[in-house]
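Written below as structure tokens is the structure these notes are about.
The values are calculated or read from the model by the stated rules, or taken from the named source; none is laboratory data. Worth saying up front: this structure is predicted, and the values here are computed from it rather than measured. Backbone-built Cβ (ideal geometry, glycine too); neighbour counts: all protein chains shown. Remember, those area values only see protein heavy atoms, side chains included, never the ligands or the DNA or RNA. Shrake-Rupley method; radii C 1.70, N 1.55, O 1.52, S 1.80 Å.
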Amino acid sequence: MADQSSQIQPARAVKLHPSWLKVLGEEFDKPYMKTLRAFLISEKQQGKQVFPASDHWFAAFDQAPFDKVKVVVLGQDPYHGPNQAHGLCFSVLPGVAIPPSLANIYKELESDLGIPPAVHGCLNHWANQGVLLLNATLTVTAGQAGAHQNQGWETLTDRAIQALNEEREGLVFILWGSYAQKKGSFIDQQKHCVIRSPHPSPLSAYRGFFGSKPFSQTNVYLTSRAQKAIDWQLPTAPST
């Protein structure tokens, strides 16, 4: 596995899509990022495994460049099981069992747009169309949900959302659950479309996630602004 500290480098060296580096580059030299770097190094020195692999930490940004983002879906933490997380919220690597929340997302997609559930859980096809699938925290310790919360990642992802809110216009922000809604509470609804509902988790999906129609709402908004709708139907074979 790659060195967990290798991606948290000064702005001049960090491996991040150029469009996002212009927006977030200065963040990598700030004290909170240095603290985060030290924490991740400590985790590695203690022999802990960190998910996802370091070359996937910024996958959400790399697959949805800043100027190409059309939709933002906010998650909380990466999956903490083996071979699951790969840098996109709610998504898992090909060949991995579909997690319960994603299974419920697929159910709502079928109810909303008549698209049958995909046979895999890899959401690269969405990301490649400008759907920023962003977790608030970009790493996690294996088997320990939430282990990397409040270590600095949230500050970076807040800055990313803030930049999209201020510098872009006509985006769709999909906020599932109270955590995402709090994180996106400052989004300007005069400039953007904000879709809120309960989280798709089995614990809360029946409280209003089912029937919320986020996918059709998104496409109606995008097409009303002369933008191309998102093709939500995932290919049988996961795209890269």
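Key figures for this structure:
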{"quantity": "Of all residues in the range 11-48 being open to solvent by less than 70 Å² (accessible area, probe 1.4 Å), of a type in the set (Ser, Thr, Tyr) and in contact (Cβ under 8 Å) with a residue 24 or more places away in the chain, the one that is nearest to ALA142 (Cα to Cα)", "calculated": "TYR32"}
{"quantity": "Residues (in contact with a Ser or Thr (Cβ under 6 Å, 6 or more places away or on another chain), free of Cβ contacts under 8 Å to residues at least 40 places away in the same chain, assigned to a loop (DSSP other than H, G, I, E, B) and of a type in the set (S, T, N, Q)) located in the range 195-236", "calculated": "none"}
{"quantity": "Single residue of ASN128, ASN124, ASN150, ASN135 found to be open to solvent by 10 Å² or more (accessible area, probe 1.4 Å), farther than 21 Å from ALA205 by Cβ and under 12 Å from the mean Cα position of the chain (by Cα)", "calculated": "ASN124"}
{"quantity": "Residue list for the range 49-90, restricted to those being among the aromatic types (Phe, Trp, Tyr), part of a loop (DSSP other than H, G, I, E, B) and open to solvent by 10 Å² or more (accessible area, probe 1.4 Å)", "calculated": "TYR79, PHE90"}
{"quantity": "Tally of residues being over 18 Å from PRO214 (Cβ atoms) and in contact (Cβ under 8 Å) with a residue 60 or more places away in the chain across the range 165-181", "calculated": "2"}
{"quantity": "Any hit, the range 149-166, residues being in a strand (DSSP E or B) and not basic (Lys, Arg)", "calculated": "no"}
{"quantity": "Single residue of the range 91-114 satisfying the filter (exposed (fewer than 15 other Cβ atoms within 10 Å of the Cβ) and hydrophobic (A, V, I, L, M, F, W, C)) that is farthest from LEU16 (Cα to Cα)", "calculated": "LEU113"}
{"quantity": "Number of the exception - LYS30 against (1) closer than 25 Å to SER185 by Cα; (2) at pLDDT below 90; (3) not small (Gly, Ala, Ser)", "calculated": "(2)"}
{"quantity": "Qualifying residue in the range 170-177 (condition: open to solvent by 10 Å² or more (accessible area, probe 1.4 Å), in contact with a helix residue (DSSP H, G or I) (Cβ under 8 Å, 6 or more places away or on another chain) and not aromatic (Phe, Trp, Tyr))", "calculated": "no"}
